[in-house]
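Below: one structure, written as structure tokens.
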2 protein chains.
Amino acid sequence: MARGRVTRLTACDVRFPTSLGAHGSDAMHTDPDYSTAYVTLETDAEDGLKGYGITFTLGKGTEVVVCAVNALAPHVLNKDLGDIVGDFRGFYRQLTSDSQLRWIGPEKGVVHLATAAILNAVWDLWAKQEGKAFCTLLCWQDPRTLSSCIDFRYISDVLTEEEACEILQKNQAGKKEREAQMLTQGYPAYTTSCAWLGYSDDRLKQLCTEALKGGWTRFKVKVGADMQDDVRRCGLIRDMIGPEKTLMMDANQRWDVPEAVEWMARLAEFKPLWIEEPTSPDDILGHAAISRALAPLGIGVATGEQCHNRVIFKQLLQARALQFLQIDSCRLGSVNENLSVLLMAKKFGIPVCPHAGGVGLCELVQHLIIFDFISVSASLENRMCEYVDHLHEHFKYPVLIQKACYLPPKDAGYSTEMKEESVKKYQYPDGDVWRKLLAAQGK
Amino acid sequence: MARGRVTRLTACDVRFPTSLGAHGSDAMHTDPDYSTAYVTLETDAEDGLKGYGITFTLGKGTEVVVCAVNALAPHVLNKDLGDIVGDFRGFYRQLTSDSQLRWIGPEKGVVHLATAAILNAVWDLWAKQEGKAFCTLLCWQDPRTLSSCIDFRYISDVLTEEEACEILQKNQAGKKEREAQMLTQGYPAYTTSCAWLGYSDDRLKQLCTEALKGGWTRFKVKVGADMQDDVRRCGLIRDMIGPEKTLMMDANQRWDVPEAVEWMARLAEFKPLWIEEPTSPDDILGHAAISRALAPLGIGVATGEQCHNRVIFKQLLQARALQFLQIDSCRLGSVNENLSVLLMAKKFGIPVCPHAGGVGLCELVQHLIIFDFISVSASLENRMCEYVDHLHEHFKYPVLIQKACYLPPKDAGYSTEMKEESVKKYQYPDGDVWRKLLAAQGK
């Protein structure tokens, strides 16, 4: 039972200066400082437990998301946690449909990132109060309770509450076996750590060698800024991993539609499984055109990390605009909205391969994809979860990778909690790390 | 020639307590306080001229947009105005594609509203320096200069720079005549002032009577919250205006797709020209389905005030999802992005009927629609601009309506400048008006 009245909600701007090492660099985001608007939720319950929620950002602008969290706070403060999770759909809609605030969204961009951070904290707190890892809490909720967390507004033309319940009900069979499978083998992952756009060829080779030694069999390379560079780097990585292992490419929205088709025709020789974010994340019809053009080359289209809500995902599925769907734990309205996307993907038979990396994204999304396997898709075919090997040391319950697979988290909560000293040290602009860096830059 | 280096950029949270009178109320926004993040741009030029830019909000959350303006400020400060307008596409892209900030958009929601406010101020300042009404400045720019303001990224599959130039070039003929026509007759408008959802039937009747006396022939009514209410109100207004005058309906995103079709089938007897925002502004395929279903009833679909960028408009046009396109002067990336939308609409043969009202939206968008007539569409067929009769008294150069038409603005600038005393009085939370209101609410 969820318990306690929310007495405090704080949001903190925490930034890691990843741009100094070109970690995370791609064709559109050349110098990201992986950051988070970090939410802490406190109640008056005697257990003293706190909920932590993150949303992911790239440095500048994190203060804007923090500001939006504060704007949403009146909808959370003084609420009973029991009332919140007892009418989770109503609470979700309160956050996303405030009559005044929705104008600056709705359900997109800054306010939606802020909504995600708050809701992630609520789920974390609830799981902690139940003493369960969040994925376990989720997997063993009954179908009707799970469906009651979803706002079906604007998606009822493709997924009704009844259909959602049916999908979940159907998968009740075999859940124990799939849970056992996860506990022993884990959920398959791929690595993006080897081939950020800003890395030198030498560094790429070294990281690739290490990853192969570590048992990785699926690799993603950033492309899209310069064709000659791409040909060289893709050739290099394909040579190193051999013809059997899986290679994915990621353009991070760099191209227009015709350009995406031309560019990928050139890179097809390196046999990518998918091209990720070939164009604007808003361009459903564009992704559909690219999908049609690349199908004869055996290249699928993947997208989702910047799809701003379930309405966009609904249309990507309706238009057959993607062959791999990439949910993000922090861009959508937390678990509530991701549940609806997992269920729609199941209905359309499209595999979900989550976006991760950033800061904390692996920690969060592992719960969602393990739930997807156990309770929704019941399949690992064509499925894998992104993994990036950095910033885990700042989390109290970091991910556990074994033989290139995510092992299910066991600690209570949503793995969102950061170490107190990390939050303090990397707080922007007053943490030690930033005071020194900004002083060095003369700021 | 644009001149001066930007020395100061400030953003101010100005809110009008319109919710006290239910002005602006609709099925999704029940108690809006019409507000603006108000930007002032100063340079070191000797002329002492300032640029003013607004973006429209509904009260809460305006502080988040102000925060975003401040986050974008480093891209503006210390820039030469000549360099900005000399490479307007580059400047636009700098604001919208900052490698770190774009993550919290991109080109949508809070950051895009902030971008609009800044760019609106730049256009205002440029027009003031030229000593021209902004629409005049725009109409008499040569096609190549105008096209160079547009970022064609993500829309080149339907509109290239060459095509944009061609459309503008073709309309060079007849511009003088169309300008003269505007000066004498003005641009046709419709009124939304009579039938906000929160108004009583008596009030609706009274306002309708006054509007008819004032020469109005086109009326919009808010619908979508309650079917019985809608039937009564639509019947009432249709009776008052008679069968010949034009009636539009606006659901402000209240419905899911099947619900929209059913609801409008019931309201079809009142012969609406269009149903506006029947569902989520993100649902391109949903709008297309509604358009197909309502076409046999003679009802068109209108949308746009919450379409967050040119990529969404591109798809609405590609999917034949709307029959009336409603640009907004403050949600898109100002004039630069609206230019691309006007040109795409022209290419697809879809009439543009701008969204206005709010605070300042009429003042701004009149420039864009007059430009559209003179330089792009060259037609008034099926075209009209929204008008709402409030808050104009706070502007230094308020709109001029004559016989239900917008008369072209003559003062230099983009009509964005507010009266100093209004800004001071309505500043949130420290202006006189708010100090009193908040004190009365015990806040």
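Every number here is computed from the coordinates shown, using simple stated rules; none is lab data. Predicted model only: the values in this text are computed from it and were never measured. Counting neighbours? That spans all protein chains shown, and the Cβs are built from the backbone with ideal geometry, glycine included.
Give me the extension gain from B:M227 to B:L400: residue separation times 0.36 nm, minus the current Cα-Cα distance, reported in nm with one decimal.
Values: separation 173, 0.36 × 173 = 62.28 nm, distance 3.62 nm.
Stretched fully, the B:M227-B:L400 segment lengthens by 58.7 nm.
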Checklist entry - So what's the gap between the Cα centers of region B:327-363 and region A:145-184, to the nearest angstrom? => result 42
Checklist entry - Between B:T43, B:T209, B:T57, which gets the highest mean-square fluctuation from a Gaussian network model of chain B, Cα cutoff 10 Å? => result B:T209
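Given C-alpha coordinates of region A:185-306, what is the ratio Rg to Rh with the Kirkwood estimate of Rh?
Dividing the radius of gyration by the Kirkwood radius yields 0.96.
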Next on the checklist: Can you compute the charge dipole magnitude of region A:175-420 about its Cα centre, using +1 on each Lys and Arg Cβ and -1 on each Asp and Glu Cβ, nothing else charged? Give it in debye, rounded to the nearest 20.
Outcome noted: 740
Checklist entry - What are the ³J(HN,Hα) values, in whole Hz, obtained from phi via the Karplus relation 6.51 cos²θ - 1.76 cosθ + 1.60 with θ = phi - 60°, for each residue of region B:178-184 in sequence order, with x given for Gly and Pro? => result 5, 5, 4, 4, 4, 5, 8
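Sum -39500 (n - 2.57) across every DSSP H segment of at least 4 residues in chain B, then divide by the residue count to get the 222 nm mean residue ellipticity, nearest 500.
Details: 17 runs with 181 residues, N = 443.
So the calculated ellipticity at 222 nm is -12000 deg cm²/dmol.
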Checklist outcome for this item: With the label point 7 Å along the Cα-to-beta-carbon line of B:D202 and a cut-off under 17 Å to each amide N, the hits in region B:13-38 are B:21-22
Next on the checklist: Let me spell out the model: positive unit charges on the Cβ of Lys and Arg, negative unit charges on the Cβ of Asp and Glu, origin at the Cα centre of the protein assembly as shown. What dipole size does that give, in debye rounded to 20?
Outcome noted: 240
Item to check | Averaged over B:272-280, number of beta-carbon atoms from partner chains that fall within 10 Å | outcome: 2
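Hey, with R₀ at 35 Å, roughly what FRET efficiency would B:R320 and A:L212 work out to, going by the Cβ-Cβ distance, to 0.05?
Details: r = 51 Å, r/R0 = 1.44.
It comes to 0.10.
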Next on the checklist: Calculate log10 I(q)/I(0) of the protein assembly as shown for q = 0.06, 0.07 Å⁻¹, where I(q) comes from the Debye formula with a single equal point scatterer on each Cα and nothing for solvent.
Outcome noted: -0.39, -0.54
Item to check | Among B:W263, B:W196, B:W123: highest mean-square fluctuation, GNM of chain B, C-alpha pairs under 10 Å | outcome: B:W263
Checklist entry - Considering the dipole of chain B built from charges on the beta carbon (Lys and Arg +1, Asp and Glu -1) around the Cα centre, which of B:N120, B:P409, B:F395 is farthest to its positive end? => result B:P409
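Please average, across the residues of B:146-157, the number of beta carbons from any other chain that are within 10 Å of each residue's own beta carbon, and give a whole number. Write out the running numbers ahead of the final one.
Working: counts 0, 0, 0, 0, 0, 0, 1, 6, 10, 5, 5, 11.
Counting Cβ atoms of other protein chains within 10 Å of each residue's Cβ and averaging gives 3.
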Next on the checklist: Suppose we consider the axis relating copy A to copy B; can you name the residue of A with the nearest Cβ and state that distance in angstrom as an integer?
Outcome noted: A:G109, 1
Next on the checklist: Residue by residue through region A:334-347, what is 3J(HN,Hα) from phi via Karplus (6.51 cos²θ - 1.76 cosθ + 1.60, θ = phi - 60°)? Round to whole Hz and write x for glycine and proline.
Outcome noted: 6, 4, 4, 6, 5, 3, 5, 6, 4, 5, 5, 4, 4, 4
Checklist entry - Which far-off residues, 5 or more places away or on another chain, put their amide H under 5 Å from the one on B:D87, with H placed in the peptide plane? => result none
Next on the checklist: Just to verify a number: FRET efficiency for B:Q169 and B:K424, C-beta to C-beta distance, R0 = 60 Å, to 0.05?
Outcome noted: 0.85
Item to check | Geometric extent, Cα atoms of chain A - Rg, Dmax (angstrom) | outcome: 20.9, 62
Next on the checklist: Let me check I have the definition right: for region B:175-420, take the eigenvalues of the Cα gyration tensor, multiply each by 5, take square roots. What are those semi-axes in whole Å, largest first?
Outcome noted: 27, 23, 16
Item to check | Pseudo-label separations to other copies for A:K176 - Cα-to-Cβ vector, 7 Å, nm | outcome: 8.9
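Quick one: if the Förster radius is 22 Å, what FRET efficiency do B:W140 and B:N382 give, using the C-beta to C-beta distance and rounding to 0.05? The partial results should precede the final answer.
Working: r = 26 Å, r/R0 = 1.20.
It comes out at approximately 0.25.
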Checklist outcome for this item: Sorted by chain and number, the residues with a modelled amide H under 5 Å from that of B:F395, at a separation of 5 or more or across chains, are B:K419
Item to check | Derived scalar couplings ³J(HN,Hα) [region B:291-307; Karplus, 6.51 cos²θ - 1.76 cosθ + 1.60; whole Hz; x for Gly, Pro] | outcome: 4, 5, 5, 8, 3, x, 8, x, 9, x, 10, 10, 7, x, 5, 10, 6
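How many Å³ per residue does the convex hull of the Cα positions in region B:165-209 occupy? Before the final figure, lay out the partial values.
Details: hull volume 4.7 nm³, N = 45.
Cα-based convex hull of region B:165-209, divided per residue, equals 105 Å³.
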Checklist outcome for this item: The distance between the Cα centres of region B:1-40 and region A:63-109, in whole Å, is 22
